[in-house]
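What follows is a single structure, written as structure tokens, with notes after it.
What follows draws every value from the coordinates through simple rules; no lab data is involved. Being a predicted model, the structure only gives us computed values, none of them experimental. Neighbour counts are summed over all protein chains in view; Cβ atoms, including those assigned to glycine, are modelled from backbone coordinates with ideal geometry.
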Amino acid sequence: MVREGGFPPGTGAMLGRTALIPSSLSHYVKRPERRSKPGSVHKDDKEKNSRDNEPGDAAMRKLYLGVDVGSVSTNLVLMDGSGTVVADVYLLTRGRPIQAIQEGIRLLAAQGWDDAQVAGAGTTGSGRLLAGVIVGADVIKNEITAHAVAALEMVPDVRTVLEIGGQDSKIIIIRDGVVVDFAMNTVCAAGTGSFLDRQAARLNIPIEEFGALALKSNSPVRIAGRCAVFAESDMIHKQQVGYPVEDIVRGLCEALVRNYLNNVAKGKEILPPVVFQGGVACNVGMKRAFEEALGVEVMVPPYATVMGAIGAAILAKEATGATGRTRFRGFQVASVRYDTESFECEHCPNGCEIVCIKMEGQLLARWGSRCGRWDTVPEEQPVRREASG
Amino acid sequence: MRIGIPRGLLYYEYFPLWKCFFEELSAEVIVSGPTTKRILDRGVQTAVDEACLPVKVFYGHAAELGDCVDFLFVPRVVSVEPRAYTCPKFLGLPDMLRASMVLPRLLSPTVNMRRNRRQLLAAVRQVAAELGAGPVKTWRAWRRAVAAYRRFKEFLRQGYGFEDAVSLALGQNRHLARQAPPARDLTVAVLGHPYLVYDQLVGMNLIQRLRSEGVRVLTADSFTPAEIEAKVRNLPKALFWTYEKQVLGAALACLDRNVDGIIQYVSFGCGPDSMIGELIQRWVRRKRDIPFTLLTVDEHTGQAGILTRVEAFLDMVARKKARSA
């Protein structure tokens, strides 16, 4: 497939990637199908030989774990100290973030990474607090900072980051290596991954082929992209009138890009290099639509789908750099029993819903109140081992 | 005689004035409690659909006070200075309330100073007469109320929180200590209507959160009226919404102070703010490149989304400042 050729030769990244994904899960995995300039965006250099990314050798190296728990997908990466991704996992959250995190850790462990020395762990995404408590994170960061950090690592001179995930989309403006502006979608999730998934399912096209289908079209139809509900009825109308599916699909991609540029990116100065990341970045139709609308080349970095996790891993490296200690609980978290309970606080009419996270029956963390009455700060975890030892 | 004041909208602008005035007239002032989810839910149920969040919150507070008061004080504030208006929703507030719920007797003077500042005194006399107070008592009460209001604004300007400024202005809790000096050399302005940023529920404790992060926080109340007036005078066209003018003027004044970032806090569906936000962004970009972000809340807004944006904004401001230092 295209993806094999997409990686720069000799990076060895594929060894980690392919080996990691059991066949039962392979359909969860979305990969970039086409890349603009692989050599220019991938940090790996030729000296790194593929054996570096085999678990056996990695036992000697310090690795950093990044976990990004989003509304739709949960991603984990293991990165070494030089910024090379040695393993990555892309799973669907399916509304059960704890199970998804544990499954991800289990997949990493199943590949022999459980012997590796994890010197730091970071979490991000909307489930970052939960993930932080479960894996024992050294840093818990918002997804905007994590995505910016990862983009800067992959493309050091990046000036614009377009990120479209499962249920949110953001734009990050970077100048001279510093984030100077950002925006996230507000109330509307039109144009995010969930909507594309749904439309692909409705048209009976596998989401992986959605983008390629869009590229086949020569005359896209115009679809109202301002609102997901209107876009859908517009699509149905166009389809009933008889337009070919590929024209509708490409029209949809263009509509979503238009919506993104008018909404999220409104008033922002989009300068190249432009990096497009997040789950939707795998959709070549969206990439092409962005390039046409912006008139500049749009780069989709390798690991575009797991950039948040990469950012979390980089931040974990920064956070543990000074102390050399990590709170990471180790790969056994995959087999520990976590329970959650919730109750409604009756102390005031706010009626906050309090969530308790328990590990093997013991209270690990509790949050959810506005006033902070029930919050327990996750206790300082016993340091598992010296990162240097 | 018990006068109920709903804790919403202009409460956050004039409460010490009203409280002092009514108490000087020997009335008892009852304020609804801080906004809770229950109050918000009540407001959402009773208010018209199209109303903005703060109006819905106001409905909830009015319903909360219900029949435990003799009068409900809901002034019709049309204009508080010559040639300018307030938000159109303030103009119709007493009617909107009356149309959708059973209320105690409304104490609803019309304040319209668009042509003439002295109209305010007519409104004051009208209220006092309704409460049965004579002219001398009224005059004395009004002078004291205005003094309390000035103190209140001064305490806000010095950086006291809203609750502290209220109690200081009214002569309670005089022992309150000044805010501890911020731990970080970072100043962020939180600009928005007082009824959004000072409200316990709607404001998401944004100001306190930033302070606990060690950030020095400015609000629109941190600037003197003269400072704000001087800034908006330079605009190509006079702005005729008083409260929006304060927000925009404060944003422009931030450009002269050492402010590292500006957060504008608006409610979804606010007509005037949709324009002001645009103006602020343009002027901020044109004059100096200060990071700016717009946070929009409505009744469906979860804390998580707001906190993510605030956290990312602080990261950005701090990293940018560290880089340029």
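Details
- Region B:77-153: radius of gyration over Cα atoms, expressed as a fraction of 2.2 N^0.38 Å: 1.23
- Alpha carbon centroid spacing (whole Å) that separates region A:122-153 from region B:233-265: 35 Å
- Here chain B yields Rg over Rh of 0.96, to two decimals, using C-alpha coordinates and the Kirkwood radius.
- Diffusion constant of region B:62-112 at 25 °C, which comes from Stokes-Einstein with the Kirkwood Cα-pair radius and 0.890 mPa s, µm²/s: 211 µm²/s
- Estimated dipole of region B:187-324 in Debye, rounded to 20 [Cβ of Lys and Arg +1, of Asp and Glu -1, Cα centre]: 700 debye
- Amide H within-cut-off set for residue B:106, under 5 Å, with H built and near neighbours excluded: B:72
- Rounded, prolate or oblate (a/c below 1.5 giving rounded, otherwise prolate when a/b exceeds b/c) for the protein assembly as shown by Cα gyration tensor: prolate
- C-alpha center-to-center spacing [region A:307-324, region B:1-34] in angstrom: 52 Å
- Using θ = phi - 60° in the Karplus curve 6.51 cos²θ - 1.76 cosθ + 1.60, the 3J(HN,Hα) couplings for region A:356-372 round to 10, 9, 10, 10, 6, x, 9, 5, 9, 7, 8, 7, x, 8, 6, 8, x Hz; x is entered for Gly and Pro.
- Using 0.36 nm per residue and subtracting the Cα-Cα separation, the extra length available between residue B:68 and residue B:238 on full extension is 56.8 nm.
- Cβ-to-Cβ counts within 10 Å put A:356, B:20, B:68, A:253 in ascending order as B:68, A:356, B:20, A:253, the fewest first.
- Residue B:29 long-range amide H proximity, modeled H, under 5 Å: B:3
- Full-extension gain in nm, residue B:37 to residue B:226, via 0.36 nm per residue minus C-alpha separation: 64.3 nm
- Shape call, region B:187-324: gyration tensor on alpha carbons, a/c limit 1.5: oblate
- Residue B:81 versus residue B:257: modelled label distance in nm, points set 7 Å from Cα along the beta carbon direction: 1.7 nm
- Projected onto planes of every orientation and averaged, the convex hull of the alpha-carbon atoms in region B:143-256 covers 8.2 nm².
- ³J(HN,Hα), Karplus 6.51/-1.76/1.60, whole Hz, each residue of region A:244-254, x for Gly, Pro: x, 4, 5, 5, 5, 5, 5, x, 5, 4, 5
- Normalising the average separation of contacting C-alpha pairs (under 8 angstrom, six or more residues apart) by the number of residues puts the relative contact order of chain B at 17 percent.
- When the Cα gyration tensor is reduced to axis lengths a ≥ b ≥ c, the ratio a/c stays below 1.5 for region B:2-169, which is therefore classed as rounded.
- Its Cα gyration tensor gives region A:337-378 an equivalent ellipsoid; the semi-axes, largest first and in whole Å, are 20, 10, 6.
- Amide H contacts of residue A:221 (H built 1.01 Å from N, under 5 Å, at least 5 apart or other chain): A:248, A:251
- Of the trypsin sites (Lys or Arg not before Pro) in region B:62-113, the ones in a loop by DSSP (not H, G, I, E or B) with at most 14 other beta carbons within 10 Å are B:83.
- Dipole magnitude of the protein assembly as shown, debye to nearest 20 (Cβ charges: Lys/Arg +1, Asp/Glu -1, about Cα centre): 2320 debye
- Dimensionless Rg over Rh [region A:95-216; C-alpha; Kirkwood]: 1.02
- Inter-part distance, region A:205-240 to region A:157-174, computed on C-alpha centroids, equals 23 Å.
- Rounded to 0.05, the FRET efficiency of the residue A:227 and residue A:61 pair, given R0 = 56 Å and the Cβ-Cβ distance, is 0.70.
- Positive-end residue of B:241, A:225, A:277, charge dipole of the protein assembly as shown with Cβ unit charges: B:241
- Projected label points at residue A:335 and residue B:304, each 7 Å from Cα along the beta carbon direction, are separated by 3.1 nanometres.
- Stokes-Einstein diffusion coefficient of region A:190-262, Kirkwood radius over Cα pairs, 37 °C, 0.692 mPa s, in µm²/s: 278 µm²/s
- Which listed pairs, of A:170/A:268; B:56/B:89; A:170/A:238; B:19/B:245; A:62/A:141, have C-alpha distances above 19 Å, in listed order: A:170/A:238; B:19/B:245; A:62/A:141
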